[in-house]
Amino acid sequence: MPLVNMKDMLVHAYQNGYAVGGFDLVSLDFLEAIMAAAEARRSPVILSLAESHFDYYDFELAMAAAELAAKRATVPVAIHLDHGASLESAVTAINLGCNGVMVDASHEPFAGNVAMTQKIVNMAHACGVPVEGELGYVAGVEGEDAEKHPGEVVYTSVDEAKRYVEQTGVDVLAVSIGTVHGRMQGEPELDVERLQQINAALGIPLVIHGGTGLSDEQFRQLIANGVAKINYYTALADAAGTRMRENVAADDRCGYTGIVREIQEAMRVEIERCMLNWGSANQADAVLAVAEAWQPVHHVIIYNVNTTDEAQVANMMAEGERILSQIPGVRRVVTAKAVQQAAQYQFSWLIEFVHANVIDSYREHPDHIAFADSLFRPIAGDRISIDFRQN
Ligand code: 13P
């Protein structure tokens with residue numbers, strides 16, 4: 001149950017004056033450290049998987065681990081695609097289990113950013129998934145993540161932010177007001193007045209990228225002016241890196257497990273510090289009380305066929321698995337044949353949707369309609385179709 005709707009989680013944070021960490025993970029060590037910190041501090045948490053990091057790990061494998069970690073948690077968790085680069089990557093992320101996606105089109109001119117964001121919002125909302133847009137540009141300065149975000153910082157304009165949110169329907173907005181991805185150089189100067197104006201104009205949860213290096217007082221100012229999600233990565237990577245260098249210095253012949261010893265602990269300490277400082281500690285139960293539980297829907301069909309052509313039936317099922325599993329919001333498609341020859345119905349479909357919204361968007365999707373009209377309905381006889389949702 002503790003996978004929850006990310007929008008509900010962030011609206012709670014926004015209305016109650018605290019921020020939830022969107023902690024980027026690049027390995028199981030990060031995942032375990034983030035979850036241990038969230039449990040220890042009874043904090044809602046966002047597991048963030050950045051497309052810009054996909055050359056470090058296998059996204060599909062990491063999603064399976066993140067989802068299991070979320071399901072067995074006792075604190076509310078959301079799984080978010082950070083810096084999604086295209087409509088296709090947003091669909092892939094949602095179908096793998098992300099229940100929040102970020103559109104990273106902030107490098108585009110305004111109209112291009114709006115157009116791409118609109119497309120992703122339409123698709124994601126039809127799957128029940130909230131969307132984070134970005135306006136302005138948070139560049140990288142120093143550290144391993146800096147090169148992933150080349151170029152100069154572009155501050156978010158209040159006027160454009162208002163039009164962007166109205167035209168795209170994004171649920172939360174990442175703003176650029178002086179933070180940078182990676183390590184800071186010198187004292188960061190934040191344009192808090194601009195943030196205040198954006199917050200007054202929009203009234204939706206705001207997001208800060210480039211959380212590493214800000215002072216406690218700066219975080220307090222950000223949160224007081226509408227920031228409900230803070231993206232955080234470099235400080236965790238650096239805490240792990242420092243511990244690894246210490247491990248090697250203590251024993252320069254140590255192998256893998258010796259090098260990574262206690263890096264989870266080092267990251268957990270930093271994450272807990274953030275949760276306390278950002279006010280998300282001890283908010284878990286309040287979020288669980290108000291946030292929608294993120295439960296899949298099982299679209300189940302049992303049916304008979306009115307043909308004896310086994311090859312035609314096998315082709316229909318294989319094509320169904322291939323085509324239907326690509327539709328946004330479909331987690332998996334399983335076709336099966338009855339074990340008992342005397343069963344009243346001989347065939348079944350189990351199609352798992354990420355959210356109840358997909359019941360309608362799947363039915364109306366052109367690929368579903370084309371498959372049903374050309375391959376399924378011509379040979380499907382009597383059938384029963386029911387959508388089931390876990391309580
Ligand atoms: P830092 O690496 O500066 O903490 O920023 C993380 C981030 O914004 C990921 O989207």
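The values are calculated or read from the model by the stated rules, or taken from the named source; none is laboratory data. Because the structure is a prediction, the values reported are computed rather than measured. Glycine also receives a Cβ, built like all others from the backbone with ideal geometry; neighbour counts cover every protein chain displayed. Note: areas computed on protein heavy atoms with side chains; ligands, DNA, RNA excluded. Shrake-Rupley method; radii C 1.70, N 1.55, O 1.52, S 1.80 Å.
One table, with the values for the structure above:
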| item | result |
| --- | --- |
| Residues satisfying the stated conditions in segment 35-65, i.e. assigned to a helix (DSSP H, G or I), under 15 Å from the mean Cα position of the chain (by Cα) and within 16 Å of the ligand (Cβ to nearest atom) | Glu51, Ser52, His53, Phe59, Ala62 |
| Where a residue in segment 117-140 is hydrophobic (A, V, I, L, M, F, W, C) and its partner, wherever it lies, is assigned to a helix (DSSP H, G or I) and open to solvent by 20 Å² or more (accessible area, probe 1.4 Å), with Cβ under 7 Å and at least six apart | Ile120/Leu87; Met123/Leu87; Met123/Val91; Ala126/Ser361; Cys127/Ser361; Leu135/Glu160 |
| In segment 119-136, the residues that are within 16 Å of the ligand (Cβ to nearest atom) and either hydrophobic (A, V, I, L, M, F, W, C) or in contact with a Ser or Thr (Cβ under 6 Å, 6 or more places away or on another chain) (or both) | Val131, Gly133, Glu134, Leu135, Gly136 |
| Number of positions in segment 89-118 that are touching a Phe, Trp or Tyr at 6+ places or on another chain (Cβ under 8 Å), over 22 Å from Glu352 (Cβ atoms), open to solvent by 20 Å² or more (accessible area, probe 1.4 Å) and more than 16 Å from the ligand (Cβ to nearest atom) | 1 |
| So Ala336, is it over 30 Å from Ile223 (Cα atoms) and either in contact with a Ser or Thr (Cβ under 6 Å, 6 or more places away or on another chain) or among the aromatic types (Phe, Trp, Tyr) (or both) | yes |
| Considering residues of segment 54-82 that are touching a residue at least 60 places away in the same chain (Cβ under 8 Å) and within 30 Å of Ala115 (Cβ to Cβ) only, the residue surrounded by the fewest Cβ atoms within 10 Å (Cβ to Cβ) | Ile79 |
| All positions within segment 167-183 that are within 12 Å of the ligand (Cβ to nearest atom) and either among the basic types (Lys, Arg) or open to solvent by 10 Å² or more (accessible area, probe 1.4 Å) (or both) | Val180, His181, Arg183 |
| Count of residues meeting criterion [more than 14 Å from the ligand (Cβ to nearest atom) and open to solvent by 20 Å² or more (accessible area, probe 1.4 Å)] in segment 142-158 | 7 |
| Any pair with Cβ under 9 angstrom, 6 or more apart, that starts in segment 180-199 at a residue that is under 22 Å from Lys148 (Cα atoms) and of a type in the set (Gly, Ala, Ser) and ends at one that is more than 13 Å from the ligand (Cβ to nearest atom) and not in a loop (DSSP other than H, G, I, E, B) | none |
| Tabulated pairs, segment 224-250, first among the polar types (S, T, N, Q), second within 15 Å of the ligand (Cβ to nearest atom) and open to solvent by 20 Å² or more (accessible area, probe 1.4 Å), C-beta under 8 angstrom, 6+ apart or interchain | Thr234/Gly143; Thr234/Glu144; Thr234/Arg183; Thr234/Gly213 |
| Filter result for the condition that a residue is of a type in the set (Ser, Thr, Tyr) and away from the ligand (no atom under 16 Å from the Cβ), over Tyr232, Tyr256 | Tyr256 |
| Qualifying position, being open to solvent by less than 10 Å² (accessible area, probe 1.4 Å) and more than 12 Å from the ligand (Cβ to nearest atom), among Ala139, Ala201, Ala161 | Ala161 |
